[in-house]
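Asks: I am attaching a structure below and will ask some questions about it afterwards.
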Amino acid sequence: MRLYNMHWTDQIRRVKILLVIAAVIIAVASLVVSHFLVRDLAIEERNKMEVWAEAMRTLSQPEENVDLNLVLKVIEGNNTIPVVVLGADEQVQTFRNIKLKRTNAEDSIQQALAMAQRMKHSGRSIRIALDDTNETNDYIDVCYDESVMIKRLNLYPYVQLGIVMIFVVVAIFALLTSKRAEQNKVWVGLSKETAHQLGTPISSLMAWTEILKETYPDDALLPEMDKDVKRLQLIAERFSKIGSLPEPVPSSLNEVMMHVIDYMDRRTSQKVRMIRSFPDHDVIVTINASLFEWVIENLCKNAVDAMEGEGQITLTVQEETDKVVIEVSDTGKGIRKKDIANVFKPGFTTKKRGWGLGLSLAKRIVEEYHKGKIFVKSSEVGKGTTFRIELKK
């Protein structure tokens, strides 16, 4: 399972890198192509405005041999490029293709003048002398802006980049979902097969226990053996419920926690102290008691391993307005900050021996079956760790 998980992780990482590289290449190529395209269109628009400005000069001082119809056609043909014509006295003479706020005529002229000044400041103006001799210093400034097409082309690469990034995110999400679905199938199959394989030897042990009870009715060890057989039954039952939807029922959380404490007390060193902090009254929550006990057991067993068989485990139950909080704290070696985000991932473990499945199963039971939350509340290397579970009332 761990090799399988590592292989999947490496494969996902490679796919992510390839998707990011592809997105960067597409974005850079789009920006380069768009830059050259916009530059060529800007030059073409500049040439068009020079012809338009010359048409304005001709209209201002018409000559006998000039076809005014052609001049007017050139002027009227500009339907895309915003343009404002200023006289030598910096007064607006005319403007085209400019959207102004609906105000009076004087305000419209002021808005057009402000636009013309911005156009001149950005270098988009053409000065045309009305007097060929340049003696009267009479001229007009044809101020123009980028057309709607060029503005859209400037924006296009960024829109495309956004679409590519969305595609990358969706692709990564799909890969992760596919990985999770495949892992779930493996978990369910492994759990049910384990429960099935345990069924036969447990049935045999139950039969032998009954025979021994009849043969040696006063033997003091038989009750303990019977408890262990029932424990095996409980474990098999838990495995059989993985992958199904066990029906939660109102249960006493105090009893569930006490069952775990009793079980751990009998199977851990006397150097491990189990401290409980529960409300005086029963805390009733809707849970599957069998599976939830498994969660608390996993946390306690991890705590014992982290403390190396010596220390204190504190189990706390608190009621809040809309939820019940369970905390399991230990005085063990703690978890490094960089590992906290990975503790619930399948295959992750800090033990020399272990599959790294306990906390992953605990997270699944709490969040998927009980619609709660489980997370590392705090952890400090050398001092201990606190796991927190939150369940809705």
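The values are calculated or read from the model by the stated rules, or taken from the named source; none is laboratory data. Everything quoted here is computed from the prediction, not taken from an experiment. Positions of Cβ are backbone-derived with ideal geometry, glycine not excepted, and every protein chain shown enters the neighbour counts. For accessibility, only protein heavy atoms count, side chains too; no ligands or nucleic acids. Shrake-Rupley method; radii C 1.70, N 1.55, O 1.52, S 1.80 Å.
Asks: Ignoring ligands, DNA and RNA, what percent of the accessible area of the range 252-390 is carbon or sulfur (1.4 Å)?
Replies: Of all accessible area on the range 252-390, carbon and sulfur atoms account for 46 percent.
Asks: If the cut-off is a Cα-Cα distance under 15 Å, which aspartates and glutamates reach LYS151, setting aside same-chain residues fewer than 8 apart in sequence?
Replies: Correct list for LYS151: ASP40, GLU44, GLU45.
Asks: Just the number please: accessible area per residue for the range 280-369, 1.4 Å probe, all protein chains included, in Å².
Replies: Accessible area per residue, the range 280-369: 48 Å².
Asks: Now for a different question. For the range 18-91, what does the convex hull of the Cα positions come to per residue, in cubic angstrom?
Replies: Taking the convex hull of the Cα positions in the range 18-91, it is 122 Å³ per residue.
Asks: Once you put a point 7 Å from the Cα of LYS271 and another 7 Å from the Cα of ASN69, both along the Cβ direction, what distance in nm separates them?
Replies: It is 11.0 nm.
Asks: Moving on. Under the classification rounded if a/c is under 1.5, otherwise prolate if a/b is larger than b/c and oblate if not, where does the range 303-393 fall, given a ≥ b ≥ c as square roots of the Cα gyration tensor eigenvalues?
Replies: It is oblate, given that a/c is not under 1.5 and a/b is not larger than b/c.
Asks: Taking the full set of protein chains and a 1.4 angstrom probe, give the accessible area of ARG46 in square angstrom, rounded to the nearest 10.
Replies: 70
Asks: Considering only Cα-Cα distances, which of the following residue pairs are longer than 23 Å: LYS337/LYS377; LYS230/LYS323; LYS213/LYS271; LYS230/LYS393?
Replies: LYS230/LYS323; LYS213/LYS271; LYS230/LYS393
Asks: Just by accessible area at a 1.4 angstrom probe, what is the order of GLU106, GLU90, GLU380 from largest to smallest?
Replies: Most to least solvent-accessible, the answer reads GLU106, GLU380, GLU90.
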